[in-house]
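Structure first, commentary second.
The values are calculated or read from the model by the stated rules, or taken from the named source; none is laboratory data. Being a predicted model, the structure only gives us computed values, none of them experimental. Reconstructed Cβ throughout: ideal geometry from the backbone, glycine too, with neighbour counts over all protein chains shown.
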Amino acid sequence: MTTKPQSESGRKSEHRIWTLFAVFFKISTVSVGGGLAMLPLISREFVEKRNWMTDEEMVDVVAVMQSMPGIIAVNMGILVGYRTVGVWGAVSAAFGVAIPPFVVITVVAAFISFFKDNRQLAHVFLGIRAAVCALILVSVIKLAKPILKDKLALGIALIAFVGLVFFNFNAIWMIIAGGVFGLGLGLYQFLYFKSKIENGKHEDGE
């Protein structure tokens, strides 16, 4: 009895599933500072290096991730995995991103008394967190370039920034408000152009 050779698409999906696990495992292992610290590394791996996603798709992932409950890193892994492969990609990425912190937290819990009073280790993490801030800033600039191309987009981004930084608005409501505004703007443009087309047809008929 012979088995049918695996299809090219099946081999490609399987390869991507294992790649997702390996990449998220690696990123989760070296990332310090929370889920947002993973953003520049994920963008480099899947947007710049492998071209599995576009900058616009990555921005969409970040927006959805910020509005979801749960751990940011796991949410990001699930969204990227599902966007690139599907359900099994989401499962693979979620396991890849969750295993390293689980192991690290277990080890830290066993030696908590040593880590708590170690001043040298505290200075090490201070430097790491400063470097992570720079990585996040670079990633934000890269993702903003294809989005903030006109005055309207810049205005929305500025309003959201001021609301989040100076007025401590909830990020979820800011995302919802931006989505509603975009939907309203799209509807207005649709009705405007539709009316122009209908008026043009009416004038031609006369």
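Within the range 73-91, being free of Cβ contacts under 8 Å to residues at least 40 places away in the same chain and of a type in the set (Gly, Ala, Ser) holds for one residue alone: 90.
Looking only at residues of the range 7-25 that are in contact with a helix residue (DSSP H, G or I) (Cβ under 8 Å, 6 or more places away or on another chain) and not hydrophobic (A, V, I, L, M, F, W, C), we find that the one that is modelled with the lowest pLDDT is 13.
Any idea which residue in the range 123-172 is surrounded by the most Cβ atoms within 10 Å (Cβ to Cβ), counting only those that are touching a residue at least 24 places away in the same chain (Cβ under 8 Å) and not in a helix (DSSP H, G or I)? This residue is 147. Does residue 151 fit the bill of being over 23 Å from the mean Cα position of the chain (by Cα) and farther than 19 Å from residue 68 by Cβ? Here the answer is yes, as residue 151 does meet what is asked.
I'd like to check something: does the range 193-201 contain any residue that is more than 19 Å from the chain's Cα centre (by Cα) and hydrophobic (A, V, I, L, M, F, W, C)? Taking every residue of the range 193-201 in turn, at least one turns out to be more than 19 Å from the chain's Cα centre (by Cα) and hydrophobic (A, V, I, L, M, F, W, C).
Filtered by the rule that a residue be free of Cβ contacts under 8 Å to residues at least 60 places away in the same chain, aromatic (Phe, Trp, Tyr) and surrounded by fewer than 20 Cβ atoms within 10 Å (Cβ to Cβ), the range 25-72 gives a lone residue, 52. Condition (residue is over 30 Å from residue 57 (Cα atoms), assigned by TED's automatic domain parsing to the domain that holds residue 16 and either charged (D, E, K, R) or exposed (fewer than 15 other Cβ atoms within 10 Å of the Cβ) (or both)) applied to the range 85-104: is it met by at least one residue? Looking for residues that are over 30 Å from residue 57 (Cα atoms), assigned by TED's automatic domain parsing to the domain that holds residue 16 and either charged (D, E, K, R) or exposed (fewer than 15 other Cβ atoms within 10 Å of the Cβ) (or both), one finds at least one in the range 85-104, hence yes.
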